[in-house]
Structure formats: C-alpha cells, structure tokens
Amino acid sequence: MKIAVCLKQVPDTEANIKIASDQKTIDESAIKFIVNPYDEYAIEEALKLKESQGAEAVIAISLGPDRAKDALRTAVAMGVDDVVLLKTSANSNDALSTAKILAAKIKELGADMILLGKEAIDDGNMQVGPMLSELLNIPCITVVTKLEVNGNSVKAEREIEGGVEVLETTMPCIITCQKGLNEPRFPSIRGVMMAKKKQILEETVELEDAKLVVSSLTYPQARSEGKVVGEGAEAVSELIRLLREEAKVI
Amino acid sequence: MSTILVFAEQQSGVFKKAGFEVVSQARKLAEESGANVVAVAIGSGIEDQAGVLGEYGADKILLADDEKLENYNPETYKNVFVNAARDTEADILLFSATTTGKDLAPRVAAAMDTTLASDCIGIGLSDGKLNVNRPLYAGKVFAHIVIEGNPQIASLRPNVFEAVKSREGQNVSVEKMELPDLSSKINVVEVRRSGGDKLDVSEAEIIVTGGRGVRGPEHFDIIEELANSLGAAVGATRAAVDAGWRPHEDQVGQTGKVVSPNLYIMCGASGAIQHWAGMSGSKCIVAINKDENAPIMKKADYSIIGDLFEVVPVMTEEIKKFRE
Amino acid sequence: MNLIGQIVLILCIVGAVVFFAKEIRLRYRLVKLGAKGPQRWDRPVERLGYAVGRVGAQICSIKDRPLVGTMHAFIFYGFVFFAIATINHVTRAFVPEFSLWGHGLFNNLWFLGVDIIAILTSIGAIFMFVRRYVFKPEPITKPWPLSRSPQSAIVLGFIFGLMVTYLLNQGADMILTGKSFAAWMPFSHATSTLLAGMSIPSLQIWNAVFWWAHILMVLGFLVFIPHSKHLHLIAGPINIFFRTREPDGTLQKIDFENTEEFGVTNVNQFQWKNIMDFFSCVDCGRCQDVCPAYASDKPLSPKVVMMSMRKHILHEADHLISGQDVSEPVMDKWQTPDEIWACTTCGACMETCPVMNEHIPTIIELRRGQMMMENKFPQELEPAFRGLETNSNPWNLGMSERASWTEGLDVPIMAEKGEAEYLWFVGCSGSFDDRGKNISHAIAKILNAAGVDYAILGTEEKCCGDPARRAGNEYLFQMMAEENVATFKQYKFKKILTSCPHGYQMIKNEYPQFEGEFEVVHHTELIAELVEQGKIKLSQNGNGKMTFHDSCYLGRYNDIYEAPRKIMKAMSDGNLVEMVHSKNKSFCCGGGGARMFMEESIGTRINHLRVEEAEQVGAETIGVACPFCMTMLDDGVKEKGIEENIQVKDIAQLVAEQIV
C-alpha cells in the first residue's frame, strides 16, 4: 500500500489577519504558519495505517510557496517517509486548480490511499477532496471520524447533521479527515532535529487561471454595543421582554 | 432564458429548511435577471412532497425518485445532478452548504471543469455574473468574489438566507428525470441518527450553549430544559466537550460547528475567541455569566451578570409561562 | 600483645581495609562513568573551607532538626575522636607505651574528651535507636521497606558497642595497671568500679575481649560503611565540597550540536555529580518531609529518587564496570512517570538536604530523557509546547495580542522608545492571563506614578521558556532563550525588571548560558526601593490580617525575602503574620516545574494545603509576588469556597490600590 497525504500550510488559528494594501490579499509578514490542523489528522491516520497494515511508504505532498517546506518538515518529524513540495508563488485561490495539480502527482506516485483534511482553515472551502475524486475517478468519503482498513476494503464513519453514516468502499480511495478521527502524535524532538536536515524535493508548478476572482477583502462589520440587562434572576423578565419586543427573536 | 438549477436537499423523505432557503434565494436572483428556477429533488418516495418546492419559488421541479437514492450517495447523486445540469444547460448551480451540499457541490463542479464558491453568506448578480461574499480565516475576513467559471456554482451557508414561500399554493410541474446508472463504488451500510428528535446545532434557529461554568454533565439538564422551552438546540463549548460532558457534534466553535442562528444564548462560557469564531454570525447573542469581565459580556447584545444556576431555571419558567 | 595477636590484628586490619577499599573503588568508578558534568573544582579553598565548616560545626544536621541534629553531632564527634583514638588503640598493640598525644596535659585533656564523648555518643546512639524503632517517625520509616532498614540497627549497635567496649576496656585497664586516672577519665573510672569484683585472671580475659571486640567492631564498621547509607561519612563531605554555587534548582544546557542522547534514559547517563548524590544520600527523609508532592500524597519522594537510583546503579555495576551497557532503562521500573512529573521544582528538598544533594537536576534529567528521546510526557503539556512554538506563550493565544493588556494605559514600547533604564519583561501571565493582566496594570500604575523610566517589548517579547525547560523540552527552551537574548541585545537598558519570579530566575541565572548576562530586578525589589526613596507612600490599607506567601523561585531560589515584607509591613500596621512555612521554608503553591500546565489528578491538591496554612494563621489577605502563585492560591481559595474570608492579591495590586 502506498499512502499519500495532501497537506496545506496555513496561518495559525490565532493569527491576526490584516488585509494588505491591495485590498485583495492578506499581509503575511507578522503571521506564524502551521500545518492545517485537519491535515494533521490525515498525517496521523496515514502513519497509523502504515504501522498497523504495513505500507510501502507514506508520502506527504503540499502545494504552496517556499515557506510550505516548514509544514512538510513537521510531517517528517511526525514520521512520514518522504515529502514533495509543489511550488507555486502563493497560496492557490482555486480548489479545482489545486486539485488538478495534486491529482497529477498522486497518479504519478501510484498511491492507493489518499488522505487529507476535510478543509483548510484559511479558505474553509472543503472542495479539494471531492474534486480529486472526480479527477482521479476513485471514490472519496468526506468528514471521516473513524476509518477501518482491511486489505483492500475500507469502512468509514462519516459525520452528518445529527448523526453518523457508515460507508464502505475499496481502495484506491480518498478520505478527508475530521476532528475525532485520531489524536495526532506530537512530533518528537528527535524527529524535529532529523527533519531539519531532510532534503525536500521541489517541483515548480503553474496554477490555472482562477475562476473565482477576489474583487476585495473586507473586515466583518463590528457589532453594535451590547447592554447589560441586569444582575441575577431578577433581570430575567426584562431580558425576555427585550428579546421579544426589541430583538424579536422569540 | 438562463436557468438557475438548485439542489433541494431532503433527508428521510422530508425536504430540509436549508433547501428551501436556497430555492428562495434562487427565486430572488431570478426576479432580478429573469431566469428560470429549476429545483432538483433526489431521493426515494419524495414525489408527493416535491411540489412544495414550487411554493418556495421553483418554476419547475426535476425529480429523481428511486430506492437506490434513499440515502445520499456522492457518486449517484452527482451523476443525477450533473445530468440535470447538462440537460437544462443551467448557467448557475446553487447548493446549500450542509454536509451533503459541501460534499456534492465540489464533485459537480469538478465534473463540469469549474470551481465553486462555497459557504457564501451573501450572493447577488452583476452583469450576469454571480457576486458572492464568503468568510475566510474563520470569519476574520470576508472575500467578495466574482465567479468567472461556467457554469457558475455557489453553495449557501444554512440559516443565513430566508426561506420564503413567495408562491404560496402554487402548483408547479414535476418532471421525472431519466436516471443514469445508479451503481456506485461507495456503499451506505448504516445511518445512525442520535436521539431521534434531537435538533442539530447547525440547523437550529435558537441555540442554548453551556460552557465550563455548567460544572459537569449532570448539570446540563438545566440547559436542556431552557432549550426545550425555546425549541432550541443545545450547544457546547470546547471546554465542555473536551471534559467529556457533551458529544463533539454539539461543539460550536472554530474546531466544532460554525452556526448562525437567530438567537444564541451562552451560559457559563467566557466567549473565548475560538468559540466566538463559531457563533459570531448569530443575529442576537445573549450571555449569562457570573464574571462581568468575561470576554463575551462585552460582545453579547444582551447580558445578565449572575449565576447560571439561578438565572437559567427562572428563564425557563418565564418562557414556559409566556408560551402558554 | 603477643605475636600471634599482632599477626591476627594485622590480617584483620588489612582484610578490612581491602574490602573497604574495593567497595569504595567500585563506587568511585561508577561515579566516574557518569557523563561529563559540571566543573566543580573552581575556588577550591573556599569550597574546602565551606565543607569543613559545615561538617565540622555539624550545621548540616542541626539545621532544621535541632534535637536530632545535636544527637547526630554527638555521634559525629564520637567518630572524629574515636577515629583518632583507634590509631592509638591499634599502635599500642605493637608499641605498648605508645601515646599519640604524648604524656602531658594535652594527653590528659584528650582522654577526658574521649570519655565525655563516649557518653555523649552513647546517648546519641540510644536516642537514635529509640527514635527510629520506638517512635518510628515518618521521614525515616516511610516508604517501607526502603527506609525500614536493619542497617541502622547494626550501625547504632556498632556505635553503642564501640563506646561501651571502650569504657569497659579502659576501666579494666585501670584495674590491671593500677593507674586510675579518675579525674581525667571519670566514666572509664566508673566502669572500673563495675568490674571491681572480678578476679584478675577473668578480668584479663574480659579486658582482651573488650579490646578485641572494640577493634573488630571498628573494622567491621569500616567494611560495612560502603554498603550502606553510612557511606555518607565519606561521600557527604565530598559532596558538600562539590556543591553547586548557583541557586538550587538552576538547570544546565545541552549541547545539541554535539550530542545524540539528551537527558537520562539509562542510569549511567547521569552526570558524575548526580551519581555522587545517590551515594551521599543518608535516607534521613528531610527532603521527603518538606516535599509538597509527598505532602499531597503523590508518589514522589525526593529521598526515594536518590535511593532507588543508588540501588539501580549498584544493580547495574557488574555490567557497567565490565564495559557493557545497562541491562534495563531507568523508566518505568526504577522510577515511574507519576513520580518524576509530580515535582514542582520548589527546591525545598535541596534547601534542607544535609549533604547538599541536587534532586531537581536529577528529576529534570529524567524528564528530558522521557520527553526528548522517548516522546513520553503528560499529554496536557502538548498544547503548551505547541503554544510556545507557534505563539510564544503556553496558552497558544495570538502573539499579536501580547501587548493588548496595555490598551487604555500609558505603557511605553521599547521598539518606539529605543532605550530606557528598565526593560520590563512582562511575561506570559502578565500579558495574557486575566489575573496576570490585573497585576500588570497595577505595576504599570506604580511605575508611572513613581516616574520610572521603563519600556516593555510588547509583541517582541516571548515566553522566558521556564515551562519548556522544566518540562524537559530543552530543545524548545533553548530556541526561545536564544531568541529572547537576541531581542534584548537590540536595545539599550540598564536592568531588566520582571514581574514573575520564573522569568527572574530564567533571565538572571539561566540566560547567561546563552550569553545573556543582564542585571535583573523583581518588581517587589523595585517597589521596595521606590518606597524607600519616598517616590511611593504607603499606609495602612484595610486589607485585614495579612500574610506573605514566599514564591519558591523568588525566595528559596533567589533569596528575596525582605523586599516584599518591607512593603507589606508598611501597609499592614502590625497585622502581618507569617504562615507556619515561610521564607526559605515556604510551602510551594504547586505551580512550578511546569505543573501549572498539567492536571493534578493524584492525591490532594497542593494549593489547597497552602491555603489551609493561611487559614490557620487567620490571614484575610495573602500577598503574593508571582502570577503562578496568584493563580494557584486564588483558585485554591475559590475551590474551597472561602473567597468571603480570604483574598489573594499581588503586592503590586495592594500598592497600586493606594495610589490615587
């Protein structure tokens, strides 16, 4: 079994996002970048599969600018065997463009199990996984919270509104990972030190013209000042009155 | 005349409110551009109910009704919908950004060699092109996007747009589609829904959330009672979920669900930034907390400084009284 | 003595010395096997003077346990005198009239001394025996069976026996030689009256019996020493000579470029000084007595750490001496994770240890081995490590928010100001934690009111790294320390002001390892100075009965006890009380050693124990000088539901309340 993991380097969840002067991109200067948290579940699941099922290799692929090498090094520190950077000049805006490039690489590698996070926390698109399915013509199960692999057959639990779906399919297949699938291992210090020295394979790639054009970025509207209705249980009637008459939500 | 094709999602034979929202929004866009709204209903045994989509604004309903389509299957549903899109030569495809919508829409997009704008909170037409507004970085920034692809595809965030029965009582034609091959490499083995009637946070109009201040799983019953009195869903902060008091599916926040109900009531939760990222889109936010300096107290529209164990039961009583 | 006797004597002496030397040599070799460690040959004269003084005056045993210590002193002086007396004793077997101190007054005084000592030592031995076997105090009898050793009975028996045989021997001698020396040897003389009734031939036999019993007990004891905790006779003073001259608990860096193994996984990876510590441990249990983890029913006892490592290395001795590797690692058999992670690094153990063992570095070396080599550590530390790595604070809050606490306040930023007299290192708590921010507000108010020239680094500041280093993640720590030092060096300032004792300890005592030598001042020191200079005036402030909780890293580590008390006294109008454990004996709040970021799930809560001590003295306000202590004690008060009776406030907050 050859396992491919697609990971993306994204701004840290705590990062202060500032819109750049061109009003269309963000200012990356003061931002700390991390591995997309959902992709960490993918890396961990890949490593677990290798440990339990035996696999030829776990290869992590990332599409992104040069700084994405740091994210790939984290994957190495966690234990993946090989990493590839598909180098672009910036993050891709277009999921289809991304999926096409990744699909080409995955095909080249001949991976049978492809894992990635359900979404990237920067754009929140949730598209690349299902798109890869179309492009590679192999099944894809999204938002997976439990995965069982037995030889070639795959059983996955998928999170849906108010419940869980249990699906079965066969490899080769794509799984997008949701929180709760596993607990990503902490990259050992030894791993981190070895990852620092690792040579990372780079390939420069061209993205297609974006089909989604950002005309501008804006900050969310500030909410108006709230009011303290009162203290303790005595304030309840007033609160309810306000919710009925002023906010009209009940 | 251009066509707006809408995926009207159903579950267990009942159409979802999120589906109605998309149909209503398609209707609005159609009024501006003079387009045709066609709703696609896929499922099993839904023929009788499909008509309601007309009341929400569909001009025509394409029906794919088969046993094999009872549960959502990414491959079969995609094939059906792509057929409909090709047959109608639709210029705009709209979905709801539910779990199903988020799974289906990208597949349709890729099959048609284009991208989509997902989870939009604003949508409009300008020069025949869809202009959408969608959140980035967990809502810290919004992107105003013009969709250049063809067809133009977007998915709408549930509970943001209104579901409007603009054509009450209207009868609309329901056309049975020719079905493609319904075999699939994916097999749905089981669908487990928790607690039958339990309302999911992502679909609720009112949510009552409990946090660390609830102090334990056994005390969540007072939160549940308030929620019941309001017909609301019960949410949880990460603290409550990590402590094992509530299941992960109840978690609202950056690593849980992003919700935008009409009313969001927070009890015993401080309103940390990661939680805020999950519910800041709520129309009205109420906070009940002992600590007047908790971050949420400044951000909530209405707040009560007090012990939730005293305040919440009183609220439940008052609401029950007023509902009678 | 006849020739046969002399030959037997020589054989016994040689035999005893050989066995003794063999065991000593083994232990010496085991110590030498220890990884290269601290250089402790600096200032040899001062070190020698200190060791001689401390051991000679028996400060080591008398401090903290005056009665027991005095009894030990008796036994110690008994050893000293009898070691010399034995030379006399043995030589006389070959040279009958030999007398080490001649035959004059000095010799008489000497023998008087020996007589008195014999009695005192006997009293000491009896006291120790009764204490251990009748009263069975916890520090020396728990945990069982480690500390219920029959070793003590044997040794006390030897000691008592040595005294008795000496006196009886001298008494018999007096009768047989007719030289009574009653004035100079009253007790020996007394025994001679006991023996008066015996016939001369039986007395001669008994005399020989006493003589031989005495020398055999001496030789037997000599052989026994290396095998037991009584090795401390030799190892203790040597350990004291090689003591650390840095504040107790200060940790050393790892050279990541040139080592492949970090921390300790196998017992022979300990540094030579750690191994010396294992052999010096007396099993006295003073460390265990003062350990907050032990007091709150955690499995950790510093004494057990020392003793089990001693047992372990002796167990591995055969492998190690023959050049092989160890047969098994330290964890989890010889030390368990629950033990090593329970330590709060409070330093109470090191402060009280008579032989100056360094328990904290040993425990942290084990943490380093677990964390960095095995990737094993309490799971709750993971988010803290991530936070430190991504956002330079253990709560992983946005680093761009680090200066948000200054909103609405007039707090200068170094990047704008360029230089200032004080670079105020606010720290993570002071920047991000709600209670910590309140303390920062108070300090800013004071600094502004007193016109102090200062600036903060704002978003350029990173965590001092204490949680990483104490949790064994030395790799992460070194990165942070180097970054901070580089940032400091960009600016001009005279001193660094810290509002957290952990920051103080790191920047003052541990950053020099990374070429960061700075003068550091804690906020209580600065405030005390400002009060003295009249820049701030304090008066009685209505906070009720007050007590000061000494933070471990401020007090025990860095000897700052008086500055905070001066300030509190000026505000308390005579209502300042001390808790039962204060100053260098202060009881930890439970937050140090990265424990602030771990769950406390075993035993009782350390912070509750400390709050109870405050309740016991009727304190209404607990003054603190550390944001960790603030959190732990405030949480403790709230968890016990007594916030109506006790408030916890930082000294800066108490002072700021008085500034208009």
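Restricting the search to helices (runs of 4 or more DSSP H) fully inside the range C:401-482 and requiring at least 1 residues that are at pLDDT 95 or above and closer than 22 Å to C:VAL624 by Cβ gives C:427-432, C:434-449, C:466-470. Here the range B:1-21 is the region considered, the condition is being within 15 Å of B:GLU55 (Cα to Cα), surrounded by fewer than 23 Cβ atoms within 10 Å (Cβ to Cβ) and in contact with a helix residue (DSSP H, G or I) (Cβ under 9 Å, 6 or more places away or on another chain), and the residue that is nearest to the other protein chains (Cβ to nearest Cβ) is B:LYS16.
Can you find a residue in the range B:228-239 that is more than 10 Å from chain A (Cβ to nearest Cβ), touching a His at 6+ places or on another chain (Cβ under 8 Å) and part of a helix (DSSP H, G or I)? Yes.
Any idea how many residues of the range B:183-227 are touching an Asp or Glu at 6+ places or on another chain (Cβ under 9 Å), among the acidic types (Asp, Glu) and exposed (fewer than 13 other Cβ atoms within 10 Å of the Cβ)? Result for the range B:183-227: 1.
Name the residue that is nearest to C:GLU380 (Cα to Cα), counting only residues in the range C:484-494 that are free of Cβ contacts under 8 Å to residues at least 60 places away in the same chain and in a helix (DSSP H, G or I). The residue in question is C:ASN484. For the range A:188-201, state whether one or more residues are in contact with a strand residue (DSSP E or B) (Cβ under 7 Å, 6 or more places away or on another chain) and more than 7 Å from every other protein chain (Cβ to nearest Cβ). Yes, that holds for at least one residue.
Of the residues making up the range C:305-322, those that are β-branched (Val, Ile, Thr) and buried (at least 24 other Cβ atoms within 10 Å of the Cβ) number 2. Report the residue count in the range B:94-143 for those that are more than 14 Å from the chain's Cα centre (by Cα), in a helix (DSSP H, G or I) and free of Cβ contacts under 8 Å to residues at least 40 places away in the same chain. Final tally of qualifying residues: 5. Scanning the range B:271-287 for residues that are touching a residue at least 24 places away in the same chain (Cβ under 8 Å), within 9 Å of another protein chain (Cβ to nearest Cβ) and surrounded by 22 or more Cβ atoms within 10 Å (Cβ to Cβ) turns up just one, B:ALA277. Tallying residues that are closer than 16 Å to B:ARG323 by Cα and more than 7 Å from every other protein chain (Cβ to nearest Cβ) within the range A:207-237 yields 0.
The residue that is farthest from A:SER133 (Cα to Cα), among those in the range A:19-50 that are among the charged types (D, E, K, R) and at pLDDT below 95, is A:ASP22.
Residues being under 28 Å from the mean Cα position of the chain (by Cα) and either at positive phi or at pLDDT below 95 (or both): count how many of those fall in the range C:636-660. Selection size over the range C:636-660: 1. When we screen C:ASN239, C:ASN258, C:ASN207, C:ASN268 for residues that are without any contact (Cβ under 8 Å) to a residue 40 or more places away in the chain and touching a helix residue (DSSP H, G or I) at 6+ places or on another chain (Cβ under 6 Å), the only hit is C:ASN207. Contact annotation: residue pairs with Cβ atoms under 8 Å, 6 or more positions apart or on different chains, pairing a residue in the range A:135-148 that is within 11 Å of chain B (Cβ to nearest Cβ) and at negative phi with a partner that is among the polar types (S, T, N, Q) and not in a helix (DSSP H, G or I), are A:PRO139/A:THR169; A:PRO139/A:THR170; A:PRO139/B:SER184; A:CYS140/A:THR176; A:ILE141/A:THR169; A:ILE141/A:THR176; A:THR142/A:THR176; A:THR145/A:GLN178. The one condition from (1) surrounded by fewer than 22 Cβ atoms within 10 Å (Cβ to Cβ); (2) away from chain B (no Cβ under 11 Å); (3) modelled with pLDDT under 95 that A:LYS179 does not meet is (2). Of everything in the range C:171-208 that's in contact with a Leu (Cβ under 9 Å, 6 or more places away or on another chain) and either charged (D, E, K, R) or closer than 27 Å to C:SER152 by Cα (or both), which residue is surrounded by the fewest Cβ atoms within 10 Å (Cβ to Cβ)? The extreme case among them is C:PHE187. Scanning the range C:80-113 for residues that are among the hydrophobic types (A, V, I, L, M, F, W, C), over 19 Å from C:LEU216 (Cα atoms) and in contact (Cβ under 8 Å) with a residue 24 or more places away in the chain gives C:LEU109, C:PHE111, C:LEU112. Select from the range B:119-144 the residues that are among the polar types (S, T, N, Q) and over 22 Å from A:ALA222 (Cβ atoms) and list them in ascending order. Across the range B:119-144, the qualifying residues are B:SER126, B:ASN131. When the residues of the range C:362-380 are filtered to those that are touching a helix residue (DSSP H, G or I) at 6+ places or on another chain (Cβ under 9 Å) and within 9 Å of chain A (Cβ to nearest Cβ), the one that is surrounded by the most Cβ atoms within 10 Å (Cβ to Cβ) is C:MET371. So is B:VAL108 at the interface with another protein chain (Cβ under 7 Å from one of its Cβ atoms) and in contact with a strand residue (DSSP E or B) (Cβ under 8 Å, 6 or more places away or on another chain) or not? When the stated conditions are applied, B:VAL108 does not pass them. If you go through the range B:164-181 and keep only what is of a type in the set (A, V, I, L, M) and either more than 27 Å from the chain's Cα centre (by Cα) or within 14 Å of chain A (Cβ to nearest Cβ) (or both), you end up with just B:LEU179. Restricted to the range C:32-54, and to residues there that are of a type in the set (A, V, I, L, M) and modelled with pLDDT of 95 or more, the residue that is surrounded by the fewest Cβ atoms within 10 Å (Cβ to Cβ) is C:VAL45.
If I filter the range A:152-161 for residues that are among the polar types (S, T, N, Q), touching a Ser or Thr at 6+ places or on another chain (Cβ under 6 Å) and more than 9 Å from chain B (Cβ to nearest Cβ), do I get at least one hit? Checking the range A:152-161: at least one residue is among the polar types (S, T, N, Q), touching a Ser or Thr at 6+ places or on another chain (Cβ under 6 Å) and more than 9 Å from chain B (Cβ to nearest Cβ).
Would you confirm whether any residue within the range B:157-166 is aliphatic (A, V, I, L, M), under 21 Å from A:ILE101 (Cα atoms) and assigned to a loop (DSSP other than H, G, I, E, B)? No. Under the condition of being assigned to a strand (DSSP E or B), within 11 Å of chain A (Cβ to nearest Cβ) and under 21 Å from the mean Cα position of the chain (by Cα), the residues counted in the range B:182-214 number 4.
The values are calculated or read from the model by the stated rules, or taken from the named source; none is laboratory data. Model, not experiment: these values are computed from the prediction. All Cβ positions, even for glycine, are placed from backbone atoms using ideal geometry, and neighbour counts span all protein chains on display.
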